[in-house]
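The structure under discussion appears below in the form of structure tokens.
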Amino acid sequence: MEHSMVNSRDRDLLARANKVVPSGVWGHMATRAIGPGYPQFFSKSDGCRVWDVDGKEYIDFMCAWGPNILGYKRPEVDAAALAEIAKGDINNGPTEVMVELAELFVDTLDYADWALFQKNGTDATTTCVTVARANTGKRKILVARGSYHGAVPWCSPSVVGVTSEDRAHLILFEYNDIQSLDEAVAAAGHDLAGIVLTAFRHDLNRDQEMPEPAFLKHARAICDKTGAALILDDVRAGFRLDVRGSWAMHGIKPDLGAYSKAIANGWPLAAVAGSRRMLEGASKIFTTGSFWYGSAAMAASIKTINILKNTDALPHMQAMGVRLREGLASIAQRHGFVLHQTGPAQMPIMRFENDKELQIANAFCAAALRHGLYLHPKHNMFLSAAHQPADIDRALEGADAAMKDVVSAGFKSM
């Protein structure tokens, strides 16, 4: 059943939005970009749960598309942010909190000698590219085909409103493919400014791939030889896999890293961290924003990062992800489906075998919504520290009921 026929207040809000907002709701959070049956508007959130505007409660496995890492409304984080608001969030310049947060980034990330702060992940990736070009005096940026690095012309996945000139210095290669990377480097010639890589391959609607150590080492060697910047786009994965940086487990240190999403548990903040080799370029560029020095989000980030460093939040998320993954695999098998679950357990994606048109995935996720479970049919999902064993078990009960609905509707593994 179509979502607009199910949700009365949600339907009315969408109708109102369509009159005053282009497309009603835009971007990756638009219901039409997810699948049938999804509510568009929400009224509240708490821990690992969200409520839509019609009062329906869901166990949430999107975590606001990543920012919720400790749990919605984490008291210590919100208290730190609200204390800054009480003193003054936006001033004529930064507060002491900015220096403290930069020091914490340098102390935490295994490659960082300095940090800059922004508001969105796109701010951070674009700043990384700008720093790389300023530092090298070169123009070409290499990006993996299918990777998402933001919603601005230099890297937007849409061609609408974007000119060929916007991407004139972008060269594509295949993630984890050394030969493809070498061909892109050759195409750049003596004009190579940087190589941008996501923490792992988390493209939309495909199996995720962890970076192959040999591939990362090769990219690092290229940048060492040419002077180009190795840029880690850690916006989506940053601080969820490893507080030292997502490549610390592989022993690879980037020159620049872009962060956002989880670094302040939902308070709006982004960051660029860099090595001393990139300091000159970072010192020369002009990049700014009216709200970039807001102290509330920075205080939230300090509290969030310290909690991640000093508690078992990260291994707990991984354990809950494994619990969910194993349960879903068992449920799918019991109902006659082959389910592919790839990538880190705390950032899972699930894909049904032989489901190129997403008919099974859409049916399953729509049914899961009816049973109080918020999943995504084609985007990687997220676990938070607020997910507890009882939440995972309740979610698996909902998933089992949803799978029964899918079978009853006539779907079967192809």
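What number of residues in the range 395-414 are at pLDDT 95 or above and closer than 18 Å to A329 by Cβ?
Matching residues across the range 395-414 total 12.
May I ask you to verify whether A345 is part of a loop (DSSP other than H, G, I, E, B), of a type in the set (G, A, S) and free of Cβ contacts under 8 Å to residues at least 60 places away in the same chain?
Against the criterion (part of a loop (DSSP other than H, G, I, E, B), of a type in the set (G, A, S) and free of Cβ contacts under 8 Å to residues at least 60 places away in the same chain), A345 qualifies.
Restricting the search to the range 336-361, which residues are more than 21 Å from E209 (Cβ to Cβ) and surrounded by fewer than 18 Cβ atoms within 10 Å (Cβ to Cβ)?
G336, E357, Q359
Of the residues in the range 245-288, how many are touching a helix residue (DSSP H, G or I) at 6+ places or on another chain (Cβ under 7 Å) and within 27 Å of A228 (Cβ to Cβ)?
Residues that pass the stated criteria total 22.
Quick one: D60 ticks every box in (1) of a type in the set (D, E); (2) under 24 Å from M347 (Cβ atoms); (3) free of Cβ contacts under 8 Å to residues at least 40 places away in the same chain except a single one, so which number is it?
Going through (1) of a type in the set (D, E); (2) under 24 Å from M347 (Cβ atoms); (3) free of Cβ contacts under 8 Å to residues at least 40 places away in the same chain one by one, D60 breaks only (3).
Name, by its number, the condition in (1) within 19 Å of the chain's Cα centre (by Cα); (2) not in a helix (DSSP H, G or I) that does not hold for T304.
Only one criterion is unmet by T304, namely (2).
Could you list, in sequence order, all residues of the range 124-141 that are under 19 Å from P157 (Cβ atoms) and crowded, with 24+ Cβ neighbours inside 10 Å?
A124, T125, C128, V129, I141
Picking from A214, A237, which residue would you name as being assigned to a helix (DSSP H, G or I), out of contact with any strand residue (DSSP E or B) (no Cβ under 7 Å at 6 or more places or on another chain) and within 29 Å of L314 (Cβ to Cβ)?
A214
With the checklist (1) in the same structural domain as T95 (by TED's automatic domain parsing); (2) not in a strand (DSSP E or B); (3) not acidic (D, E) in hand, flag the one item V272 doesn't pass.
Result: V272 passes all but (2).
Only one of these is aliphatic (A, V, I, L, M), assigned to a strand (DSSP E or B) and out of contact with any Pro (no Cβ under 8 Å at 6 or more places or on another chain): A184, A124, A134, A115. Name it.
Step by step, each of A184, A124, A134, A115 is checked, and only A115 is aliphatic (A, V, I, L, M), assigned to a strand (DSSP E or B) and out of contact with any Pro (no Cβ under 8 Å at 6 or more places or on another chain).
The values are calculated or read from the model by the stated rules, or taken from the named source; none is laboratory data. In this text, all values refer to a predicted model and were calculated from it rather than measured experimentally. Counting neighbours? That spans all protein chains shown, and the Cβs are built from the backbone with ideal geometry, glycine included.
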